[in-house]
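The structure under discussion appears below in the form of structure tokens.
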Amino acid sequence: MSQARIVYLNGEFLPFEAAKVSVMDRGFLFADGIYEVSAVLNKTLVDNEAHLARLDRSLGEIGIRNPHTQEEWVGLQEGLVQRNGLTEGLVYMQVTRGVFERDFAFPPQDTAPTVMMFTQAKAIANNPLAERGAKVVTVPDIRWKRRDIKSVALLAQVLAKQEAAKAGVAEAWMVEDGYVTEGSSSTAFIISGTTIVTRPLSTALLPGITRLSVMRLAREEGLRVEERLFSVAEATAADEAFYTSASSFVMPVVAIDGKTIGGGEPGRLTRRLRGLYLDMAGAPAA
Ligand code: PDD
């Protein structure tokens, strides 16, 4: 954990150690809050407008007033990126319902939300895992029924990711009624022939921002994109598979539950989509 960072908390840019939140914060007590993650590449925020729009939507869905305009959010993000000298990595933003004596129902209207942001340096474009391809395991999806909200209540995802870690793989794909919902922190895709398949949006999964851009890029390439449910059996029989997120962009999948996908190497179309996304995000040519 790098302590050299500057973090943002409730109106102030502070040294890491100085940023403290009350034990009565509703994020801490109830996971009563939402978050968002935008990637930074070449000091520039990637797909950021859409991330901030989803932040606004998540807040609205749980009845927290958005404390900032889009412009203010961008100003805070850029302020944090600049203060931390971040070239490549992530900006994390979290808003909770604020600090009040513990009580389940909402605190009074004038309770200020807690706004917290930090940066993480991370090699997203030049990630060696993207060259080798990631392996995934499947786990039951034990989450609540509003997965379209980017809630900080992530215990099910923490347990899913730990199953992946125990199996020595990078990601867990969550499964409900035999169908893949999504990754523990990513959107799941498979490719058969030249058709890309991903689950349609609903309350069963997060509306991935990277998902949307990748679908657009795929269609611009003349590839067919089908939004429909797919089973674990269909995924393991697919020609290619990958997952998307702000923290991985397009990550090739080379094995699911120990079964090799394609030839066990990142697929041709997956590589193409990763390249197109990197171009869009403004990555320097490798
Ligand atoms: N997670 N599904 C889930 C459950 C996620 O947590 C994420 C992202 C995604 C991909 O969404 P996007 O493309 O908008 O990043 C899908 C972030 C990166 C995280 O929790 O760190």
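The values are calculated or read from the model by the stated rules, or taken from the named source; none is laboratory data. Remember, it's a predicted structure, so these values are computed and weren't measured experimentally. Note: ideal-geometry Cβ built from the backbone for every residue, glycine included; neighbour counts use all protein chains shown. In case anyone asks, the SASA skips ligands and DNA or RNA and just uses the protein heavy atoms, side chains included. Shrake-Rupley method; radii C 1.70, N 1.55, O 1.52, S 1.80 Å.
Exactly one residue out of PRO252, PRO200 is more than 11 Å from the ligand (Cβ to nearest atom), touching a strand residue (DSSP E or B) at 6+ places or on another chain (Cβ under 6 Å) and open to solvent by 10 Å² or more (accessible area, probe 1.4 Å): that is PRO200. Scanning region 242-271 for residues that are closer than 27 Å to GLN120 by Cα and not β-branched (Val, Ile, Thr) gives PHE242, TYR243, SER245, ALA246, SER247, SER248, PHE249, MET251, PRO252, PRO266, ARG271.
For beta carbons closer than 6 Å, sequence separation of 6+ or different chains, a first residue in region 48-62 that is under 17 Å from GLY75 (Cα atoms) and a second that is buried (at least 17 other Cβ atoms within 10 Å of the Cβ) and at pLDDT 95 or above, the qualifying pairs are ASN48/SER38; ALA50/ILE209; HIS51/GLU36; HIS51/SER38; HIS51/ILE209; LEU52/TRP73; LEU55/GLU36; ASP56/ASN66. Of the residues making up region 255-269, just one is in a helix (DSSP H, G or I) and open to solvent by 30 Å² or more (accessible area, probe 1.4 Å), namely ARG268. Does THR236 fit the bill of being open to solvent by 10 Å² or more (accessible area, probe 1.4 Å) and β-branched (Val, Ile, Thr)? Yes, satisfied. Restricting region 126-159 to residues that are buried (at least 20 other Cβ atoms within 10 Å of the Cβ) and part of a loop (DSSP other than H, G, I, E, B), the residue that is farthest from the ligand (Cβ to nearest atom) is GLY133. Counting only residues that are of a type in the set (A, V, I, L, M, F, W, C) and open to solvent by less than 10 Å² (accessible area, probe 1.4 Å), region 270-286 holds 1 of them.
Is at least one residue of region 208-222 surrounded by fewer than 16 Cβ atoms within 10 Å (Cβ to Cβ), outside any loop (DSSP other than H, G, I, E, B) and away from the ligand (no atom under 16 Å from the Cβ)? There is at least one residue in region 208-222 that is surrounded by fewer than 16 Cβ atoms within 10 Å (Cβ to Cβ), outside any loop (DSSP other than H, G, I, E, B) and away from the ligand (no atom under 16 Å from the Cβ). Would region 28-40 turn up any residue that is outside the structural domain of ARG147 (by TED's automatic domain parsing), surrounded by 20 or more Cβ atoms within 10 Å (Cβ to Cβ) and farther than 26 Å from ARG146 by Cα? Looking through region 28-40, at least one residue is outside the structural domain of ARG147 (by TED's automatic domain parsing), surrounded by 20 or more Cβ atoms within 10 Å (Cβ to Cβ) and farther than 26 Å from ARG146 by Cα.
Based on what the data block shows, is THR236 free of Cβ contacts under 8 Å to residues at least 12 places away in the same chain and closer than 23 Å to GLU163 by Cβ?
Against the criterion (free of Cβ contacts under 8 Å to residues at least 12 places away in the same chain and closer than 23 Å to GLU163 by Cβ), THR236 does not qualify.
Filtering PHE249, PHE230 for residues that are hydrophobic (A, V, I, L, M, F, W, C) and in contact with a helix residue (DSSP H, G or I) (Cβ under 6 Å, 6 or more places away or on another chain) leaves a single hit, PHE249.
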